[in-house]
Structures are given as structure tokens and as C-alpha cells.
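Working notes, beginning with the structure itself.
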Amino acid sequence: MHDFLRISCAVFDRLLAEARANPEIECCGLLAGRDAVISAVLPAKNALQSAISYEIAPEELFALFRRMRAKGLEHLGIYHSHPKGDNAPSPLDLERAFYPHAAYVIVSPNAGASRLIRAFRIIEGRARELSLEIV
Ligand SMILES: [Zn+2]
């Protein structure tokens with residue numbers, strides 16, 4: 001397990017664009033890549049259409065995993081935005097983190113945020129922040 005997360009510059013920009021496209025609703029989706037470098041963003045619909053939580057419908061999630069495998073990519077992360085407040089995991093994020101091997105990436109659409117994109121590993125309800133490395 002790494003203490004850092006490598007993402008491409010294009011992914012960084014794409015995540016900000018996703019979060020800012022609809023700043024009233026949490027955006028969400030999967031992150032994929034190869035050799036521990038995230039190189040692809042697979043946006044999903046927030047089934048809850050909420051500003052404070054997100055959920056990807058199971059059928060969409062399965063379709064995204066299929067698309068990822070078809071492209072030979074590994075599932076490396078899950079992202080969502082926090083339209084308001086800090087981009088640290090919420091109690092609900094901690095409770096619903098079902099992928100211990102994935103990085104949980106939280107994006108802030110607010111230009112004034114101290115860090116626009118933060119990443120965490122969440123295991124058994126506990127979050128550990130990962131340093132972002134733009135490659
Ligand atoms: Zn959240």
C-alpha cells in the first residue's frame with residue numbers, strides 16, 4: 001500500500017471540471033489506470049442528485065467496471081465532490097467506503113479551497129490521507 005497517489009495532469013483537470021460543471025450536486029465516478037497511476041476518469045450519475053451525498057446505481061457501476069476491463073484498466077479509485085465545506089471524508093463517506101484498496105478522491109469545486117483535490121484510503125471507517133503526485 002502506498003502513502004501517495006499518482007494521477008495524471010489531465011485527470012486532475014478533468015476532476016475539477018466535473019466538480020464545477022454542476023456545483024450544486026455532488027459529482028461522482030470511478031478512477032482507473034495502470035501500474036498505480038490514475039489515467040482515466042469514468043463519470044457516473046449521482047443517483048441521489050444531492051449536494052451532500054452520492055450514490056452510483058448498481059447497473060451503472062457494473063457497466064463502468066465492464067468498460068474499465070474492456071480497456072485493460074485497473075480500478076484504482078472512486079471520486080466525488082463536496083460542493084460545500086471541506087473536502088475531507090464525511091461520516092457517511094467513512095461508513096460507505098466499501099473498497100479498501102481504492103483511493104477515495106474528494107474534489108472541491110471552490111477555487112478558494114486550500115487543496116482542490118484530496119485523496120484518502122479508507123479502511124474500516126478510518127481515513128488516512130494520501131499525498132497527491134501529479135505525473
Ligand atoms: Zn463525501
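The values are calculated or read from the model by the stated rules, or taken from the named source; none is laboratory data. In this text the structure is predicted, and so the values were computed from the model without any measurement. Virtual Cβ from ideal backbone geometry, glycine too; neighbours counted across all protein chains shown. Only protein heavy atoms, including side chains, enter the accessible area calculation; ligands, DNA and RNA are left aside. Shrake-Rupley method; radii C 1.70, N 1.55, O 1.52, S 1.80 Å.
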Any pair with Cβ under 9 angstrom, 6 or more apart, that starts in the range 65-85 at a residue that is more than 17 Å from Asp35 (Cα to Cα) and ends at one that is among the charged types (D, E, K, R) and more than 16 Å from the ligand (Cβ to nearest atom)
Ser81/Arg20
Report the residue count in the range 11-34 for those that are among the hydrophobic types (A, V, I, L, M, F, W, C), part of a strand (DSSP E or B) and either away from the ligand (no atom under 14 Å from the Cβ) or open to solvent by 50 Å² or more (accessible area, probe 1.4 Å) (or both).
3
How many of the residues making up the range 56-87 are farther than 18 Å from Ile7 by Cα and in contact with a Cys (Cβ under 8 Å, 6 or more places away or on another chain)?
1
Being open to solvent by 80 Å² or more (accessible area, probe 1.4 Å) and of a type outside the set (D, E, K, R) is the filter here, so list the residues in the range 35-54 that pass it.
Gln49, Ile52
In the range 55-86, which residues are touching a helix residue (DSSP H, G or I) at 6+ places or on another chain (Cβ under 9 Å) and either open to solvent by less than 70 Å² (accessible area, probe 1.4 Å) or assigned to a loop (DSSP other than H, G, I, E, B) (or both)?
Ile56, Leu73, His75, Tyr79, His80, Ser81, His82, Pro83
